[in-house]
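Beneath this line is the structure, given in structure tokens, with notes to follow.
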Amino acid sequence: MARTNSGKWVARAAATGGGRTYRGQRPVNWYAALVIIVVLGVASVVFANYEYRHPAAAANKVQPTKGTTWYAGLAFYVCGAQLPSVPSNAASTTSKQSFYTTGDGVITVAPKTTAVAGDNAVLGKFVSGYPGMAIGTTAIKVPSATTATTTTTTTTAAKGKSSTKSTTYKNGDTCPAGTPDAGKKGKVQVVYWANALAAKGKAVTVQGDPSELKFTQNQLITVGFVPAGTTLPKPNGTVVKALLGATTGTATTTTTAPTASSTTTTTASATTTTAAGTTTTTTAAGTTTTTSTTAAKPSQ
């Protein structure tokens, strides 16, 4: 019986992978790996919570950072034609402005605080600081005093500034008479090009919010209200030229040539003295010859 019981114990030990001594050993490596996993998990949760509670700090790690100056081109394309660039909203001093335009179709992107830097440097920051302007998924409001073909609304700017007239275009509205797409229903579209040299633009999807479009250096943006299926073009050459000029520090000015005027030049006149008191002045061919005669002084 004793030998039989001993044989059963050996068989049971072999089935469990070892004897009592082996089973008594602690799996140190397994516990160490478990501790490392727990520590990394807790650290990642703490870091994610910090990033969530401090978005400004996270934004400062992404371009454009505070103190950076970028430029982007903006155009409004409505019912088949590009509208004139919106007027300047730059203050007398721009030291405190992070996003503004000087009226040439170029937006200056110069974050003054970390709160508007990095991923927070978006189109909506410029729009919110421009009186009478709005860009959304279903409607846009364009500051302009020249688009009188549609109903205009007057938006009162901040105290100390003049009011701004603007025109609102909503999805489903009909393009007004006098425009290339007159009579057709339009919808809001926003397309952007990563830089001035990019050949193909990328549309902001209907589900996306155009105001959340992040600025990039030398970016081009076209905000449009056009019939469905229309491909929005890049901002025109005037805007592109102004954008490149701002980036390179080369000012662009429009010079009007003076009105052409005719100038008549005559050759040196020849003076011939004939009789006393008579002078004949002869000019170039084709001009008038004038003869002046003075009576001689009588002798005493």
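Restriction of the trypsin sites (Lys or Arg not before Pro) in segment 174-253 to DSSP coil positions whose beta-carbon has at most 14 other beta-carbons within 10 angstrom yields LYS200. Taking each of LYS184/LYS241; LYS125/LYS202; LYS202/LYS241 in turn, the alpha-carbon distance tops 29 angstrom for LYS184/LYS241.
Contour minus end-to-end for THR68 and SER128, with contour as 0.36 nm per residue of separation and end-to-end as the Cα-Cα distance? Write out the running numbers ahead of the final one.
Values: separation 60, 0.36 × 60 = 21.60 nm, distance 2.03 nm.
Extending this stretch completely gives an extra 19.6 nm.
Each of LEU34 and THR250 was given a label point 7 Å from its Cα along the Cα-to-Cβ line. The distance between the two points is 7.0 nm. Counting Lys and Arg as +1 and Asp and Glu as -1 over every other residue whose Cβ lies under 13 Å from the Cβ of THR68, the net charge comes to +3. Summing Lys and Arg as +1 and Asp and Glu as -1 over all other residues whose Cβ lies under 11 Å from the Cβ of GLY186 gives a net charge of +2.
Given a Förster radius of 35 Å and the C-beta distance between ALA228 and ALA48 as r, what FRET efficiency does 1/(1 + (r/R0)^6) yield to the nearest 0.05? Spell out each step's value before the answer.
Values: r = 41 Å, r/R0 = 1.18.
Efficiency, rounded to the nearest 0.05: 0.25.
Where a number appears in this text, it was derived from the coordinates with a stated rule and is not lab data. Remember, it's a predicted structure, so these values are computed and weren't measured experimentally. Every residue, glycine as well, gets a Cβ built from its backbone with ideal geometry; the counts of neighbours run over all protein chains shown.
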